[in-house]
Amino acid sequence: MKILVINCGSSSLKYQLIEMDTESVLAKGLCERIGIDGSVLTHTKTGCDKVVIEEPMPSHKEAVQLVFDALLDSNHGVISSMDEVYAIGHRTVHGGNVFTDSVIVGEKEKEMLKEVSDLAPLHNPANLLGIEACEKVAPGKKNVAVWDTAFGMGMDPKSYLYAIPYELYLKYGIRKYGFHGTSHKYVSGEIIKLANLPEKEVKVIVCHLGNGASVSCSIGGKCVDTSMGLTPLDGLIMGTRSGTIDPGAVQYMCQKLNIGIDECVDILNKESGILGLSGGVSSDFRDVGEAAKDGNEYAKVALEAYRYRVAGYIGQYVAYMNGVDAIAFTAGVGENDIEARAGICSYLTYLGVEIDDNANNVRGEVAQISTDNSKVKVYVYPTNEELAIARETLRLVK
Ligand code: AMP
């Protein structure tokens, strides 16, 4: 049984076709420059060289058509009929207060998606374009929306409410939602399987550290708290995002720079984080790491502030859960940055966390990096959001 997973941006579309019997990727690819001159599809059949197809894609519909053409192609294709695709799973960003779980998308759901699009004006409309394109190109096939915010909907009011007038929550849904939910759910679920403890009680902290970054804590797979908020700007220091900042500082920035709130939030989203703290070295942790090794003091402070903030969230979440069984690192930095993991864990000795330096010398693969004596197990666990979306899709359509 094959599931097509689609992740649509406003001018791009990523896809994977997954064979669910073996959970293996049959083919994957990326359409770029949709709606712009020079559209290109890069398609890779697993085990083969990539194929580059340059064809006009004035809209997402042509892009989805080209994806199906590539999947059906007699040379680089992997299916002989569209019927082989059982359903389509879509990464959808913001489900607002209305979507607490993945959903099969019909007319009503599309209207609801539009209604919550104010909360993610860059992402939700693009996600909807992808769904509508699939409806046109593959009529009758079920489309499932898998929300980035769904995992965070498991939080209790004490976690998700902001201490602002309550009517603002009631009227506009202003609350913490959290993002990267598909990744947090997937990794915490896999860690629960590894932990060998009673499933419903396992306390897990997942550090999803990529260019965007968030931490979550969950008990038995139910989200207790997570670090992103109404938007993905909250929480950890990220590649270019500031993470948590005093709203008073935002007002002061507006005054001093003589700019409006939109421009200020742009600075917080695009010019801050590791990029801003390092004095503009880079938003890429590898570059900042190199600069720090070369003696750049800003880069050194940026990396230490980053690790300190992650460790701070872990400490907070241990308190919220009254303990922790396992901590997992995932995404680009979490999976690959050996020094970042060691640095973060150096703040956690009070928890009895003990890292095995040899075991931590690992990149991009599942590994236990804590010693056998460590009171808390620490893992590297590569995330796989596409597989998680495919599993969700199958769960709903089966
Ligand atoms: P993601 O958003 O999950 O794709 O992660 C992207 C981030 O992972 C970038 O900031 C990269 O610098 C970081 N990254 C990838 N590989 C490494 C590595 N070997 N060491 C440090 N950071 C890395």
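Values as computed for the structure displayed
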quantity: Hz values of 3J(HN,Hα) by residue in segment 333-348 - Karplus curve (6.51, -1.76, 1.60), Gly and Pro given as x; calculated: 6, x, 7, 10, 9, 4, 5, 5, 4, 4, x, 4, 5, 5, 7, 10
quantity: Most mobile of Ala150, Ala292, Ala319 in a GNM of the chain (Cα contacts under 10 Å); calculated: Ala319
quantity: The chain: angle of helix 247-257 to the longest principal axis, Cα-based, in degrees nearest 10; calculated: 80 degrees
quantity: Kirkwood Rh, Cα atoms: Rg over Rh of the chain; calculated: 0.97
quantity: Residue order, fewest to most beta carbons within 10 Å, for Arg307, Arg395; calculated: Arg395, Arg307
quantity: Among Ile6, Ala302, Ser216 the positive-end extreme of the charge dipole of the chain (Cβ point charges); calculated: Ser216
quantity: Label-to-label distance, nm, for residues given as Thr349 and Lys108 (7 Å Cα→Cβ offset); calculated: 5.8 nm
quantity: Estimated distance in nm for a label pair at Cys48 and Asp83, the labels positioned 7 Å out from Cα along Cα-to-Cβ; calculated: 2.3 nm
quantity: Segment 1-41, Cα convex hull volume normalised per residue, Å³; calculated: 46 Å³
quantity: Relative contact order, percent, the chain [alpha-carbon distance under 8 Å, six or more residues apart]; calculated: 13 percent
quantity: 3J(HN,Hα) from dihedral phi, segment 362-375, Karplus parametrisation 6.51/-1.76/1.60, rounded to Hz, x for glycine, proline; calculated: 9, 9, x, 9, 5, 7, 8, 9, 8, 6, 5, 7, 4, 6
quantity: The chain: angle of helix 385-397 to the longest principal axis, Cα-based, in degrees nearest 10; calculated: 60 degrees
quantity: Residue with peak Gaussian network fluctuation, the chain [Cα springs, cutoff 10 Å], from Leu113, Leu197, Leu66; calculated: Leu197
quantity: Model label zone, Lys158; criterion: amide N under 16 Å from point 7 Å along Cα-to-beta-carbon; scope segment 306-349; calculated: 316-323
quantity: Helix-derived mean residue ellipticity, 222 nm - over the chain, DSSP H n ≥ 4, -39500 (n - 2.57), to 500; calculated: -11000 deg cm²/dmol
quantity: Hz values of 3J(HN,Hα) by residue in segment 172-179 - Karplus curve (6.51, -1.76, 1.60), Gly and Pro given as x; calculated: 10, x, 7, 7, 7, 10, x, 9
quantity: Length added when fully stretched, Glu304-Arg33, from 0.36 nm per residue minus Cα-Cα; calculated: 93.8 nm
quantity: Of every Cα-Cα pair in segment 198-336, the percent that sits beyond 22 Å; calculated: 43 percent
quantity: Under-5 Å amide H pairs with Val93, H placed in peptide plane, nonlocal only; calculated: Asp148
quantity: Rough spin-label spacing in nm, given labels placed 7 Å along Cα→Cβ, for Asp287 and Val362; calculated: 3.0 nm
quantity: On Cα atoms only, tilt of 261-270 relative to the major axis of the chain in degrees; calculated: 90 degrees
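Bear in mind that the values in this text are calculations on the coordinates, not laboratory data. Just so you know, these numbers come straight off a predicted model, no measurement behind them. Reconstructed Cβ throughout: ideal geometry from the backbone, glycine too, with neighbour counts over all protein chains shown.
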